[in-house]
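Here's the structure, in structure tokens; my notes come after.
The values are calculated or read from the model by the stated rules, or taken from the named source; none is laboratory data. Source: prediction; values computed, not measured. We place every Cβ from the backbone using ideal geometry, glycine too, and count neighbours over all the protein chains shown. SASA here: full protein model, heavy atoms, side chains in, ligands and nucleic acids out. Shrake-Rupley method; radii C 1.70, N 1.55, O 1.52, S 1.80 Å.
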Amino acid sequence: MSTCPDVDVALEDVRRGFGATQALKGVSLAVHTGEVYGLVGPDGAGKTTAIRLMAGLLLPDAGRVKMLGENPADTRSPVRESLGLVPQRNTLYGDLSVDENLHFFAQMFGLSRKDFTERREQLLDITRLSRFTDRRADALSGGMYKKLALACALLHRPRVLLLDEPTNGVDPVSRRELWELLYGLVHEGMTLLVSTPYMDEAARCHRVGLLYAGELIAEGDPRELARQHGVAASNFEAVFLALVEKRTGGRAA
Ligand SMILES: Nc1ncnc2c1ncn2[C@@H]1O[C@H](COP(=O)(O)OP(=O)(O)O)[C@@H](O)[C@H]1O
Ligand SMILES: [Mg+2]
């Protein structure tokens with residue numbers, strides 16, 4: 001008997017271009033409630049475009065985008081309050097301190113003073129930033145900066161969190177810490193979509209979607225995909241390369 005999981009985020013045959021560039025060429029994928037879904041692909045594959053569509057910051061040229069069953073681009077929809085986004089590029093105020101950034105985003109989300117005080121404490125604790133509240137954001141290390149961006153995105157307790165390359169440019173120890181932090185959030189019932197260009201991070205996800213040149217070339221449990229290709233899940237790059245070769249007939253790297 002098959003079970004049908006709840007879908008929190010869905011792309012249905014989505015196309016999106018920028019001028020002559022087709023960034024997404026008819027992508028369908030589904031992120032299930034309570035899972036870590038990895039959107040894995042090299043630079044230029046279309047990861048950021050997919051995430052911006054999911055966050056309602058871009059409109060598709062064709063196809064449908066669903067966030068908790070609703071259109072995320074509908075500004076009247078309350079679904080936007082259930083959504084958290086950690087964008088790829090620096091989005092914090094560099095000349096504001098850790099505390100001032102948290103305060104700024106709390107005001108933007110309309111948190112009450114009481115709620116903010118409680119949430120600030122929790123988030124500084126889980127990100128281990130308590131000792132750095134006075135430090136300017138642009139004086140933080142790469143890993144600490146990402147953790148602050150994550151804390152700011154979590155202030156309003158989203159149900160679904162979209163993270164665009166949170167581990168890119170982060171040292172290996174901070175990368176592991178970030179992943180531990182993310183598992184903690186999932187443990188509390190959050191749904192996570194994480195994009196990454198690092199193939200080895202596929203094994204950290206419950207399910208992955210492999211994006212290559214605007215197309216989803218595979219989707220599933222990374223361990224199962226690795227098994228089908230006769231390699232260890234830790235060697236996910238081999239799976240990706242085999243799938244790309246199959247797709248292009250060996251014409252592309
Ligand atoms: N605003 C934009 N204007 C023009 N081209 C864009 C824009 N955003 C993305 N692209 C192009 O779309 C493709 C996919 O980009 P992107 O979604 O950023 O990929 P990724 O995040 O996987 O690196 C790339 O070829 C990129 O140059
Ligand atoms: Mg990107």
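Hey, can you tell me all the residues within the stretch 18-29 that are surrounded by 15 or more Cβ atoms within 10 Å (Cβ to Cβ) and not polar (S, T, N, Q)?
Let us first name the residues in the stretch 18-29 that are surrounded by 15 or more Cβ atoms within 10 Å (Cβ to Cβ), namely 22-27, 29.
Result: 23, 24, 25, 26, 27, 29.
Here is a check on your reading of the model: is residue 192 of a type in the set (A, V, I, L, M, F, W, C), open to solvent by 10 Å² or more (accessible area, probe 1.4 Å) and within 25 Å of residue 146 (Cα to Cα)?
no
Tell me which residues, restricted to the stretch 30-54, are open to solvent by less than 20 Å² (accessible area, probe 1.4 Å) and closer than 18 Å to residue 223 by Cα.
Of everything in the stretch 30-54, those that are open to solvent by less than 20 Å² (accessible area, probe 1.4 Å) and closer than 18 Å to residue 223 by Cα turn out to be 31, 35, 36, 37, 38, 39, 40, 41.
Checking the conditions here, which among 211, 216, 182 is more than 16 Å from ligand 2 (Cβ to nearest atom), crowded, with 17+ Cβ neighbours inside 10 Å, touching a residue at least 12 places away in the same chain (Cβ under 8 Å) and not polar (S, T, N, Q)?
None of the others qualify; the one that does is 182.
Tell me yes or no: at least one residue of the stretch 157-171 is touching a residue at least 60 places away in the same chain (Cβ under 8 Å) and part of a helix (DSSP H, G or I).
no
List every residue pair whose Cβ atoms lie under 7 Å apart, where the two residues are 6 or more positions apart in sequence or sit on different chains, the first residue falls within the stretch 85-102 and is among the β-branched types (Val, Ile, Thr), and the second residue, located anywhere, is away from ligand 2 (no atom under 16 Å from the Cβ).
Qualifying pairs under 7 Å: 86/150; 86/153; 98/129; 98/132; 98/133; 98/135; 98/137; 98/148.
State whether the residues of the stretch 124-134 include one that is surrounded by 15 or more Cβ atoms within 10 Å (Cβ to Cβ), in contact with a strand residue (DSSP E or B) (Cβ under 8 Å, 6 or more places away or on another chain) and touching a residue at least 24 places away in the same chain (Cβ under 8 Å). So that I can check it myself, show each step before the final result.
Going through the stretch 124-134, the residues surrounded by 15 or more Cβ atoms within 10 Å (Cβ to Cβ) turn out to be 124, 126-127, 129, 132.
Subset that is in contact with a strand residue (DSSP E or B) (Cβ under 8 Å, 6 or more places away or on another chain): none.
No, there is no match, as no residue in the stretch 124-134 is surrounded by 15 or more Cβ atoms within 10 Å (Cβ to Cβ), in contact with a strand residue (DSSP E or B) (Cβ under 8 Å, 6 or more places away or on another chain) and touching a residue at least 24 places away in the same chain (Cβ under 8 Å).
Please verify whether the stretch 96-107 includes one or more residues that are in contact with a Cys (Cβ under 6 Å, 6 or more places away or on another chain), open to solvent by 10 Å² or more (accessible area, probe 1.4 Å) and more than 16 Å from ligand 2 (Cβ to nearest atom).
yes
Within the group 80, 64, which residue is of a type in the set (D, E, K, R), open to solvent by 80 Å² or more (accessible area, probe 1.4 Å), away from ligand 2 (no atom under 16 Å from the Cβ) and closer than 21 Å to residue 154 by Cα? Working first, answer last.
Numbers: 64 fails: closer than 21 Å to residue 154 by Cα.
Going through 80, 64 in turn, just one is of a type in the set (D, E, K, R), open to solvent by 80 Å² or more (accessible area, probe 1.4 Å), away from ligand 2 (no atom under 16 Å from the Cβ) and closer than 21 Å to residue 154 by Cα: 80.
Just give me the residues in the stretch 221-232 being outside any loop (DSSP other than H, G, I, E, B) and either open to solvent by less than 60 Å² (accessible area, probe 1.4 Å) or charged (D, E, K, R) (or both), in sequence order. Before the answer, list the steps.
Filtering the stretch 221-232 for residues outside any loop (DSSP other than H, G, I, E, B) gives 222-228.
Correct list: 222, 223, 224, 225, 226, 227.
Only one of 45, 55 is under 26 Å from residue 187 (Cβ atoms), touching a strand residue (DSSP E or B) at 6+ places or on another chain (Cβ under 8 Å), touching a residue at least 24 places away in the same chain (Cβ under 8 Å) and within 16 Å of ligand 2 (Cβ to nearest atom). Can you tell me which? Spell out how you get there, then give the answer.
Numbers: 45 fails: under 26 Å from residue 187 (Cβ atoms).
When all the criteria are applied, what remains is 55.
Any residue at all in the stretch 6-14 that is outside any strand (DSSP E or B), open to solvent by 60 Å² or more (accessible area, probe 1.4 Å) and not acidic (Asp, Glu)?
no
Within the stretch 153-179, take every residue that is among the hydrophobic types (A, V, I, L, M, F, W, C) and over 23 Å from residue 53 (Cα atoms) and give me the one that is farthest from ligand 2 (Cβ to nearest atom).
Residue satisfying both the conditions and the ranking: 173.
Residues of the stretch 115-168 being among the basic types (Lys, Arg) and closer than 27 Å to residue 47 by Cα, which ones?
The answer is 146, 147, 157, 159.
Sort out which residues of the stretch 191-220 are of a type in the set (Ser, Thr, Tyr) and in a loop (DSSP other than H, G, I, E, B), and write them in order of number.
198
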